[in-house]
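**Student:** One structure, pasted below without further comment.
The values are calculated or read from the model by the stated rules, or taken from the named source; none is laboratory data. Note that the structure is predicted; figures quoted are calculated from it, not measured. Neighbour counts are summed over all protein chains in view; Cβ atoms, including those assigned to glycine, are modelled from backbone coordinates with ideal geometry. Heavy atoms of the whole protein, side chains included, go into the accessibility calculation; ligands, DNA and RNA do not. Shrake-Rupley method; radii C 1.70, N 1.55, O 1.52, S 1.80 Å.
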Amino acid sequence: MSLPRIVVVGGGAGGLELVTRLGHKLGKRRRAEIVLVDRNSTHIWKPLLHEVATGVLDSGLDEVSYQGHSKAHGYRFQRGTLSALDRGEKKLTLAPIIDDDGETVVLPSRELDYDYLVMSLGSVSNDFGTPGVAEHAHFLDSPHQAEAFRHDMLNTFLRYSDPERRIHPKLSVGIVGAGATGVELAAELYGASKMLNSYGFTSLESTQLEVHLIEAAPRILPALPERISQAVRSELERLGVNIHVDTKVTCADEEGFMTSDGTRIETDLNVWAAGIKAPAFLSELGLSTQSNHQLKVERTLQSLDDPHIFAFGDCASCPQEGGSTVPPRAQAAHQQAGTLYRNLLATLEGKPLKHFTYHDRGSLISLAHFDAVGSLMRGASARSLFIEGRLAKVFYASLYRMHQLAIHGTVKTGMTVVVDGINRFLKPKMKLH
């Protein structure tokens with residue numbers, strides 16, 4: 001008798017945590033076959049991408065190889081991109097893998113059977129169809145995009161080291177979207193400019209860097225408590241960030257952004273971090289989706305259309321009591337991975353499934369090495385404890401360590417902490433190549 005096969009598509013934070021737990025419980029004990037599908041060969045925690053983009057984090061040191069990780073944790077890895085779904089036959093079609101030259105087929109199109117399918121595809125930036133954004137702005141949805149921005153940033157700093165090649169009096173960076181990614185990137189840029197100067201990479205001082213943070217809402221970090229928003233705004237303004245709220249961008253070009261009130265913001269580098277949506281192809285699979293392509297699921301995280309298909313994280317629209325839906329946040333994906341793990345076990349055992357209820361544990365924002373600000377929720381009372389400074393930075397760093405614990409276990413995470421400490425002395429503080 002063949003083992004039931006659970007296929008998880010998407011190896012982001014939630015997806016990797018889920019297959020790790022399923023691999024330990026089911027895969028290693030030969031109770032089920034666990035398969036992870038992802039278009040990339042390595043994993044990196046998405047909240048770190050703004051650090052990859054500025055070179056503060058070397059992605060090569062923090063990436064996790066799916067192939068190596070799968071062998072150690074009882075699941076199987078298949079590299080590929082989902083291109084079609086046959087629910088009747090319970091088959092996935094994976095698109096061909098093409099070499100970097102854009103022509104050579106490394107692996108042809110393949111089919112993969114499943115008994116239970118989990119969609120964990122995360123989200124991508126939503127440019128809302130704004131003209132010029134796709135052509136003239138960087139996105140930070142993947143390590144590849146973050147590295148592309150980093151190379152562009154380094155080249156721009158080099159160009160501005162020559163006064164005759166400067167386009168504007170100051171090196172200007174425009175960031176559209178003052179959510180967590182935009183805010184943290186703005187602060188990291190000032191930290192990066194100081195380090196580039198200290199290493200002699202550029203002659204530019206941080207005072208010659210001009211960052212424009214543009215937000216359509218009335219305040220930055222609109223999804224977080226106002227006290228956090230105000231504290232972060234004060235720190236950003238102290239660094240020198242130009243904050244534009246109630247400002248809608250209507251188009252972008254190679255020289256900057258145009259806003260709805262006719263103002264032109266001239267920039268050398270553009271980043272779009274405003275809004276997210278699920279991958280568009282999810283609306284082509286024959287499953288119910290929202291207008292932003294999120295898959296509609298029950299509170300059990302099962303698809304409305306098929307009890308053998310589950311979805312969670314940013315790519316899923318999961319209802320909550322009171323008519324709200326689960327917010328697209330890393331902590332939500334982490335919590336949902338735990339619920340889905342238990343529900344998949346219950347499904348295999350013929351037991352009833354549990355509803356998912358999101359618990360807001362608070363919010364933390366890191367402003368590079370300058371500061372950190374956040375709030376921690378006090379249990380069921382929903383009262384929050386405001387924290388900042390060194391304590392907030394410790395809690396912020398612990399979020400990544402919690403993710404590492406979930407995918408590596410205690411021993412390897414402890415060893416990783418030691419190695420990270422050693423690398424601070426052995427390696428430059430930022431990636432310069």
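**Student:** Starting from the Cα gyration tensor of the stretch 319-433, take the square roots of the eigenvalues, sort them a ≥ b ≥ c, and report rounded, prolate or oblate (rounded when a/c is under 1.5, otherwise prolate if a/b is larger than b/c, else oblate). Show your work: numbers first, answer last.
**Tutor:** On the way: a/c = 2.75, a/b = 1.48, b/c = 1.86.
Because a/c hits 1.5 or more and a/b fails to exceed b/c, the stretch 319-433 counts as oblate.
**Student:** Next up: Ordered by packing density, taken as the mean number of other Cβ atoms within 10 Å over each peptide's residues, highest first, how do 320-330, 260-270 rank? Present the calculation step by step, with values, prior to reporting the outcome.
**Tutor:** Numbers: 320-330: 13.8, 260-270: 16.1.
Order by mean packing, descending: 260-270, 320-330.
**Student:** For the stretch 167-326, what is the convex hull (Cα atoms) projected area averaged across all directions, in square nanometres? Write down the numbers at each step before the final one.
**Tutor:** On the way: hull surface 51.0 nm².
Reported value for the Cα convex hull: 12.8 nm².
**Student:** Roughly how big is the chain's charge dipole about its Cα centre, with Cβ charges of +1 (Lys, Arg) and -1 (Asp, Glu), in debye to the nearest 20? Please report the intermediate quantities before stating the final value.
**Tutor:** Details: 46 positive and 49 negative charges, 455 e Å.
The calculated dipole for the chain is roughly 2180 debye.
**Student:** Between the alpha-carbon centers of the stretch 9-37 and the stretch 256-329, tell me the distance in whole angstrom.
**Tutor:** The stretch 9-37 and the stretch 256-329 have Cα centres separated by 24 Å.
**Student:** Something else: Measure nothing but the geometry: give the 0 to 90° angle between the long axis through the Cα atoms of 226-239 and the longest principal axis through the Cα atoms of the chain, rounded to 10°.
**Tutor:** With rounding to tens, the tilt is 40 degrees.
**Student:** Sticking with this one: I'd like the orientation of helix 330-348 relative to the chain: the angle between its Cα long axis and the longest Cα principal axis, in ° from 0 to 90, rounded to 10.
**Tutor:** 10 degrees
**Student:** How large is the charge dipole for the stretch 100-256, taken about the Cα centre, if only the Cβ atoms of Lys, Arg (+1) and Asp, Glu (-1) carry charge, to the nearest 20 debye? It would help to have the intermediate numbers written out before the result.
**Tutor:** On the way: 12 positive and 25 negative charges, 174 e Å.
Around 840 debye, computed over the stretch 100-256.
**Student:** With a/c under 1.5 counting as rounded, go ahead and sort the stretch 301-346 into rounded, prolate or oblate using the C-alpha gyration tensor (a ≥ b ≥ c being the square roots of the eigenvalues; past the cut-off, prolate if a/b is larger than b/c, else oblate). Don't jump to the answer; show the numbers that get you there.
**Tutor:** Numbers: a/c = 1.75, a/b = 1.22, b/c = 1.43.
The shape class here is oblate.
**Student:** Just to verify a number: FRET efficiency for Leu304 and Thr81, C-beta to C-beta distance, R0 = 35 Å, to 0.05?
**Tutor:** Numbers: r = 24 Å, r/R0 = 0.70.
So the FRET efficiency works out to roughly 0.90.
**Student:** Given the C-alpha atoms of the stretch 45-196, compute the convex hull and give its volume per residue in Å³. Before the final figure, lay out each step's value.
**Tutor:** Numbers: hull volume 27.7 nm³, N = 152.
Per-residue hull volume (Cα only) is 182 Å³.
**Student:** Determine the calculated [θ] at 222 nm for the chain from helices alone, applying -39500 (n - 2.57) to every DSSP H run no shorter than 4 residues and normalising by the residue count; nearest 500 deg cm²/dmol. Can you show the working numbers first?
**Tutor:** Working: 11 runs with 138 residues, N = 433.
Mean residue ellipticity at 222 nm (helix-derived): -10000 deg cm²/dmol.
**Student:** Using Cα-Cα distances under 8 Å and only pairs 6 or more residues apart, what relative contact order does the chain have, in percent?
**Tutor:** Numbers: 830 pairs, mean separation 68.5, N = 433.
Contact order relative to length: 16 percent.
**Student:** Kindly work out what percent of the DSSP beta bridges joining two residues of the stretch 282-433 are antiparallel, to the nearest 5.
**Tutor:** Values: 15 of 17 bridges.
The answer is about 90 percent antiparallel.
**Student:** Placing +1 on the Cβ of each Lys and Arg and -1 on the Cβ of each Asp and Glu in the stretch 1-63, which of Gly14, Leu26, Leu49 has its Cα farthest towards the positive end of the resulting dipole?
**Tutor:** With unit charges placed on the Cβ atoms, the residue in question is Leu26.
**Student:** Rank by packing, highest mean first: peptides 152-159, 423-430, 9-16, 294-301, with packing defined as the count of other Cβ atoms within 10 Å averaged across residues.
**Tutor:** Highest to lowest by the protection proxy: 9-16, 294-301, 152-159, 423-430.
**Student:** Could I ask something else about it? Just want the answer: with Cβ charges of +1 for Lys and Arg and -1 for Asp and Glu, which residue in Ser161, Leu224, Gly80 is farthest toward the dipole's positive end in the stretch 76-228?
**Tutor:** Farthest towards the positive pole: Leu224.
**Student:** Moving to a separate point now. Using only the heavy atoms of the protein chains and a 1.4 Å probe, how would Ser161, Ser234, Ser123 rank by accessible area, largest first?
**Tutor:** Values: Ser161 40, Ser234 75, Ser123 10 Å².
Solvent-accessible surface, decreasing: Ser234, Ser161, Ser123.
**Student:** Based on the Kirkwood radius over alpha-carbon pairs, what value in µm²/s does the Stokes-Einstein equation return for the translational diffusion coefficient of the stretch 1-56 at 25 °C and 0.890 mPa s? Show your work: numbers first, answer last.
**Tutor:** Details: Rh = 12.7 Å.
Calculated translational D: 194 µm²/s.
**Student:** Let me ask you something else. So which aspartates and glutamates pass the test for Lys248, namely a Cα distance under 13 Å, with those fewer than 8 places away in the same chain ruled out?
**Tutor:** The reachable aspartates and glutamates, counting only those whose Cα sits under 13 Å from Lys248, are Asp127, Glu215, Asp261.
**Student:** Can you figure out the FRET efficiency of Ala280 with His144, using R₀ = 25 Å and their beta-carbon distance, to the nearest 0.05?
**Tutor:** Details: r = 18 Å, r/R0 = 0.74.
FRET efficiency, Ala280 to His144: 0.85.
**Student:** Given charges of +1 on the Cβ of Lys and Arg and -1 on the Cβ of Asp and Glu, with all other atoms neutral, how large is the dipole of the stretch 307-378 about its Cα centre, in debye to the nearest 20?
**Tutor:** Values: 6 positive and 5 negative charges, 43 e Å.
Result for the stretch 307-378 is approximately 200 debye, rounded to the nearest 20.
**Student:** Could you tell me which residue out of Gly322, Gly350, Ser375 lies farthest along the dipole of the stretch 316-433 toward its positive end? Charges go on the beta carbon: Lys and Arg +1, Asp and Glu -1, centred on the Cα centre.
**Tutor:** Final value for the positive-end residue is Ser375.
**Student:** May I pose another question? May I ask for the Kirkwood hydrodynamic radius of the stretch 1-120, worked out over all distinct Cα pairs and given in angstroms to one decimal? Numbers along the way, then the final one.
**Tutor:** On the way: mean 1/r = 0.0652 Å⁻¹.
That comes to 15.3 Å for the stretch 1-120.
**Student:** Where does each of 137-150, 172-185 land if you order them by average Cβ count within 10 Å, highest first? The partial results should precede the final answer.
**Tutor:** Numbers: 137-150: 19.3, 172-185: 24.6.
Ranked from most to least packed, the peptides come out as 172-185, 137-150.
**Student:** If you line up the long axis of helix 410-426 against the longest principal axis of the chain, both from Cα atoms, how many degrees apart are they, to the nearest 10?
**Tutor:** For 410-426 against the chain, the angle is about 20 degrees.
**Student:** Taking Kirkwood radius over Cα pairs in Å straight from the coordinates, which label in (i) 24.8; (ii) 23.9; (iii) 23.0 is the correct one?
**Tutor:** Given (i) 24.8; (ii) 23.9; (iii) 23.0, the calculated one carries the label (iii).
**Student:** Obtain the nm distance between the two label points defined at Ser398 and Thr416 by a simple spin-label model: each point lies 7 Å from its Cα along the Cα-to-C-beta direction.
**Tutor:** For Ser398 paired with Thr416, the spin-label model returns 1.7 nm.
**Student:** List every residue whose amide H lies under 5 Å from the amide H of Thr250, counting only residues 5 or more places away in sequence or on a different chain, with H placed 1.01 Å from N in the peptide plane.
**Tutor:** Met258, Thr259, Ser260
**Student:** Within a Cβ distance under 10 Å of Lys46, other residues only, what is the Lys/Arg minus Asp/Glu net charge? Walk me through the numbers before you get to the answer.
**Tutor:** Numbers: positive: none; negative: Asp141, Asp314.
Charge balance near Lys46 sits at -2.
**Student:** What is the calculated FRET efficiency for Leu348 to Arg165, with r their C-beta to C-beta distance and R₀ = 51 Å, to the nearest 0.05? Before the final figure, lay out the partial values.
**Tutor:** Values: r = 63 Å, r/R0 = 1.24.
That gives a FRET efficiency of 0.20.
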